[in-house]
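Written out below as structure tokens is the structure these notes cover.
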Amino acid sequence: MMAKIQRFGGAMFGPVIFFIFSGIVVALASVFTNPDIIGSIANEGTLWTNVWKIIEAGGWTVFNNMEVLFVIGLPIGLAKNAHARAAMESFVLYMTFNSFVAAILETFGTSFGIDYSAEAGGQSGLKLIAGVKTLDTGVLGAIAIASLAIYLHNRFFEKKLPDFLGIFQGSALVGAVGFFVMLIAAFLTSWIWPNIQQGILSLQSVMVNSGNIGVFLYIFLEKALLPTGLHHFIYTPFQYGPAVVEGGTTLYWMEHMREFASSTLSLKQLFPEGGFALQGISNWFGIPGIALAFYSTAKPENRKKVLALLIPGVLTAVFAGITEPFDYTFLFIAPVLFLIHALLAATMATTMYMLGIVGDMQGGVIEMIAKNIIPMGANHWQTYAIQIILGIIFAGIYFFVFRFLILKFDFKTPGRSETEEEVELYTKKDYKNKKDKTTAAGNTYQDQAVIYLEALGGAENIVNISNCATRLRVTVADESKVKSNEAFTKGKAHGVVRNGNALQVIVGLSVPQVREEFEKLVNEQTKMIVNEQIV
């Protein structure tokens, strides 16, 4: 069950990657159409403003179609086979579901407490999705329907029918079975979801009123659960769902950015829910403090190698907001330090929230500048000045706490081992020297895939394959056939998470390409094994 949950969490990352660039585009459009920042060239009706409105419309594409994006993206990560067909089936079934809901509410809406004649949006509980006015179940509803579609695909796509019914095999069979499943789901949703919407409105009030404790718990759990892959389930309802504001904190900030920028009220007064969008702060200030502690505690002769390891990880964390390549260089050596990291991250975010710092600060510095500092700087620069001062202070706290703990308990962080080999593994030199022993193809991703497949016990030991932002997630048939972590680090892996027969190979940001090569190898070897058995 844990392996399935982790696969699900990893698949959710696929659609999320589109939000970062789109958010930056919308943020820049908001800045360049604000006369208070740009000047009279940004007045309503000018050519400059009209051009930026066109650009902004493109930027809103992802945010306006988040549900559809998840419905199409999840099957790509979770379907056992024929991922493209699974994505198509999921979209068809989702729109069938929405069409059913629309027809049900148009006929029986008052019985369910819904005024279907109302305009979509606001407090109506309705939303236009791909042109269909339906219940606004948000991303959570899309994920639920996509999950049903994936289940039906995995169950019926390869089912063999009698020859005279052959035309109904594959996607046609999934669509036919799904048609009736969606009809049932639509009736249940029309009956149950309006009550859930009322409950969500109450939950928003409770979470907002929980104040500092609520923010602390949110940030702590989001960080602490990262190694398990379950952190997706912490931030998704807040960031993209209706946990505290309609549409999630990301969408809400985008929609009200111009309003917040022009107001002289404090950002916390304008957007108190923004305390649940501060998880990126520890990336900018905490990670550099940790890196400095690792460098200062490394043996002098190893510091140059440690620096070569730390700099790329820190830059990735600070600028892109992706911390896993850095986190996993020490997580498995001294996991207690990761717990300390989660506690400090929660403390830092809560302290900043108490001093009025809120916003959409969930990614890296580039995203933070584009979506916060630039559009809000004119009237809220004091907020960001306080944030930078506090961040530097907490970076120092991170450094001294980590340095003290490393020296006190002699944690074998990078550069402190008695052997030189561990540092070399993390600097990724070992694999390049052995490249000619794996494949002559000259494909680095393929080379890594070859090493990982061998370390995982071969194609016959592979049950499921998926990935998230930086991890190749694999379920094996026999965990005893999996080799030691050293076998994976030869392929540039940062580490391996082991949970029974569910494994996560920490690859880095190139994991999508590595997964493609890995799946090709598994399929090729599986065909060879089958052919040999036939012979």
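Accessible area ranking (1.4 Å probe, heavy atoms, ligands and nucleic acids excluded), largest first, for Y384, Y295: Y295, Y384. For the listed peptides 72-82, 138-148, a ranking on the average number of other beta carbons within 10 Å per residue, highest first, reads 138-148, 72-82.
With every protein chain in place and a 1.4 angstrom probe, the accessible-area ranking of I389, I451, largest first, reads I389, I451.
Close amide H pairs (under 5 Å, H built 1.01 Å from N) link G363 with G280, residues at least 5 positions away or on another chain.
Subtracting the Cα-Cα distance of F187 and A308 from 0.36 nm times their residue separation leaves 37.8 nm of extension gain.
Label-to-label distance for I17 and T347 is 3.6 nm, based on points extended 7 Å past Cα in the beta-carbon direction. Computed over neighbours whose Cβ is under 14 Å from that of Q198, the net charge equals -2, Lys and Arg +1, Asp and Glu -1. Applying the Karplus relation 6.51 cos²θ - 1.76 cosθ + 1.60 with θ = phi - 60° to region 150-162 yields 3J(HN,Hα) values of 5, 4, 5, 4, 5, 7, 10, 4, 9, 5, 8, 9, x Hz, where x marks Gly and Pro.
Placing R0 at 60 angstrom, the Cβ-Cβ distance between F409 and H256 gives a FRET efficiency of 0.80 after rounding to 0.05. Between the beta carbons of F180 and V336, assuming R0 = 60 Å, the FRET efficiency works out to 0.70 to the nearest 0.05.
Of the GluC sites (Glu not before Pro) found in region 21-103, those in coil by DSSP whose Cβ has at most 15 other Cβ atoms within 10 Å are E44. For the peptides 259-266, 128-135, 488-495, the ranking by mean Cβ contacts within 10 Å, running from highest to lowest, is 488-495, 128-135, 259-266.
Close amide H pairs (under 5 Å, H built 1.01 Å from N) link V482 with no residue at least 5 positions away or on another chain. Computed over neighbours whose Cβ is under 10 Å from that of G247, the net charge equals -2, Lys and Arg +1, Asp and Glu -1.
Taking other residues whose beta carbon is less than 15 angstrom from the beta carbon of G121, and scoring Lys, Arg as +1 and Asp, Glu as -1, yields -4.
Compared with the direct C-alpha span, the chain from T46 to H83 gains 8.7 nm at full extension, assuming 0.36 nm per residue.
The values are calculated or read from the model by the stated rules, or taken from the named source; none is laboratory data. If you're wondering where the values come from, they're calculated on a predicted model, not measured in any experiment. Please note: Cβ atoms are built from the backbone with ideal geometry, for glycine as well, and neighbour counts cover all protein chains shown. Areas reflect the complete protein model, heavy atoms only, side chains present, ligands, DNA and RNA absent. Shrake-Rupley method; radii C 1.70, N 1.55, O 1.52, S 1.80 Å.
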